[in-house]
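Before any comments, here is the structure.
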Amino acid sequence: MTNPTKILVSTCLMGFPVRYNGSAKPFMPPTLLRWQQEDRLILCCPEVSAGFPTPRLSAEIRYSPLGERAVVESDNTDVTAGYLAGASIALQLALKHQCRFALLTDGSPSCGSSLIYDGSFSGKKISGMGLTADLLRKNGITVFSEAEFSALEAAVTLSDRQTAC
């Protein structure tokens with residue numbers, strides 16, 4: 001295959017300990033490992049790319065009564081600017097490598113694509129998108145969570161067929 005479909009992937013899903021608590025969230029089905037061997041994967045942790053340390057305080061998205069969102073750490077520090085910077089870095093990386101898809105960690109204030117924590121630091125999840133997932137989608141990159149991996153497999157297969165024609 002001359003030009004395989006590229007996929008932006010959350011670094012923690014590939015076993016790297018970059019999550020807020022210094023852990024990884026390994027998710028390595030055989031297809032993902034094959035894609036890695038085929039040099040399709042572009043790894044990115046938006047928070048680490050923006051300069052956040054590992055470990056770091058947990059952060060969640062809070063919404064104002066007007067619907068504006070802010071990312072705050074568990075000590076109430078507003079870190080929205082850093083998370084927006086990480087989202088921008090992830091987008092630039094995806095565009096540079098012509099990624100059509102992204103596989104991101106659901107629940108994260110950066111990478112959550114269908115679920116995020118509710119901002120109360122109580123462990124409750126709500127429907128919503130992290131800042132990176134939102135920016136990628138707004139720029140035409142289809143975002144999948146690890147729970148949607150079979151849909152990503154189908155999308156990549158279709159993309160490869162279209163590229164081969």
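Nothing in this text is a laboratory measurement; each read-out follows from the coordinates by a stated rule. Note that the structure is predicted; figures quoted are calculated from it, not measured. In this analysis, Cβ positions are derived from the backbone assuming ideal geometry, glycine residues included, and neighbour counts consider all displayed protein chains.
Write out the GluC sites (Glu not before Pro) in the stretch 51-154 meeting two conditions: DSSP loop, and at most 10 other Cβ atoms within 10 Å of their Cβ. Kindly include the intermediate steps, with their values, before the conclusion.
Working: sites: E60, E68, E73, E146, E148, E153; in loops: E68.
Within the stretch 51-154, the qualifying GluC sites (Glu not before Pro) (loop, at most 10 other Cβ atoms within 10 Å) are E68.
If we count every other residue with Cβ under 13 angstrom of G82's Cβ, Lys/Arg +1 and Asp/Glu -1, where does the sum land?
Spelling it out: positives minus negatives among the neighbours equals -2.
For R137 and D39, FRET efficiency with R0 = 25 Å and r from the beta-carbon atoms, rounded to 0.05?
Rounded to the nearest 0.05, the efficiency is 0.50.
Given (1) -0.40, -0.85, -0.94; (2) -0.34, -0.84, -0.93; (3) -0.28, -0.77, -0.87 as candidate values of log10 I(q)/I(0) by the Debye sum over Cα atoms at q = 0.09, 0.15, 0.16 Å⁻¹, which corresponds to the one derived from the coordinates?
(3)
So which aspartates and glutamates pass the test for K6, namely a Cα distance under 18 Å, with those fewer than 8 places away in the same chain ruled out?
Within the straight-line cut-off, K6 pairs with E38, D39, E146, E148, E153, D160.
Is the shape of the stretch 1-96 rounded, prolate or oblate, going by the alpha carbon gyration tensor and its root eigenvalues a ≥ b ≥ c, with a/c under 1.5 for rounded and a/b larger than b/c for prolate?
Taking the square roots of the gyration eigenvalues as a ≥ b ≥ c, the stretch 1-96 is prolate.
What are the ³J(HN,Hα) values, in whole Hz, obtained from phi via the Karplus relation 6.51 cos²θ - 1.76 cosθ + 1.60 with θ = phi - 60°, for each residue of the stretch 15-32 in sequence order, with x given for Gly and Pro?
Result, rounded to whole Hz: x, 7, x, 10, 5, 3, 9, x, 9, 10, 9, x, 9, 10, x, x, 5, 5.
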